[in-house]
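Data first, discussion second: the structure below is written as structure tokens.
The values are calculated or read from the model by the stated rules, or taken from the named source; none is laboratory data. Everything numeric in this text was worked out from a predicted model, so none of it was measured. Because the Cβ atoms are built from the backbone with ideal geometry, glycine has one as well, and the counts that use them run over all protein chains shown.
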Amino acid sequence: MLSGSPNGIIAYYWDAPSWAKRAGCLIQAQALGTDYGAAKQRCDDILNPQFDCWRTAGATQTAMAAAGTFDWLVSVYKSSPKFTSLPSKTQKSFDASLALVSKYPLKDGRLF
């Protein structure tokens, strides 16, 4: 979305549609600043995928997590020798624990 200010500076923001808010979407509206490129990148990489995930109840989650997220960190760890050298039973236990943390819902509707 685009918002103008009294001094003529254009700023951008993201907000969920009103129908989604009425349906319980907890993703907060966010000011994205005045840089169009940075605002678009944040929408494309973070906000719109989160909204799609909420809208489809998780059916649109991609196989590759965004760099810097918890899921990305877990994928890096699981491909490292520190994880792959663990016994199979321990790997399964770690997988279950990490999945629980990953699916923990935050107050704004996102998953940890």
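Condition check ((1) at negative phi; (2) at pLDDT below 85; (3) surrounded by 12 or more Cβ atoms within 10 Å (Cβ to Cβ)) across all residues:
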{"residue": "Gly4", "(1), (2), (3)": "yes, yes, no"}
{"residue": "Asp15", "(1), (2), (3)": "yes, no, yes"}
{"residue": "Gly37", "(1), (2), (3)": "yes, no, no"}
{"residue": "Phe51", "(1), (2), (3)": "yes, yes, yes"}
{"residue": "Gly58", "(1), (2), (3)": "no, yes, no"}
Residues of the range 80-111 that turn out to be at pLDDT below 85 and surrounded by 13 or more Cβ atoms within 10 Å (Cβ to Cβ), as a count: 5
Check on Leu73, surrounded by 11 or more Cβ atoms within 10 Å (Cβ to Cβ), in the same structural domain as Phe112 (by TED's automatic domain parsing), modelled with pLDDT of 80 or more and in a loop (DSSP other than H, G, I, E, B): no
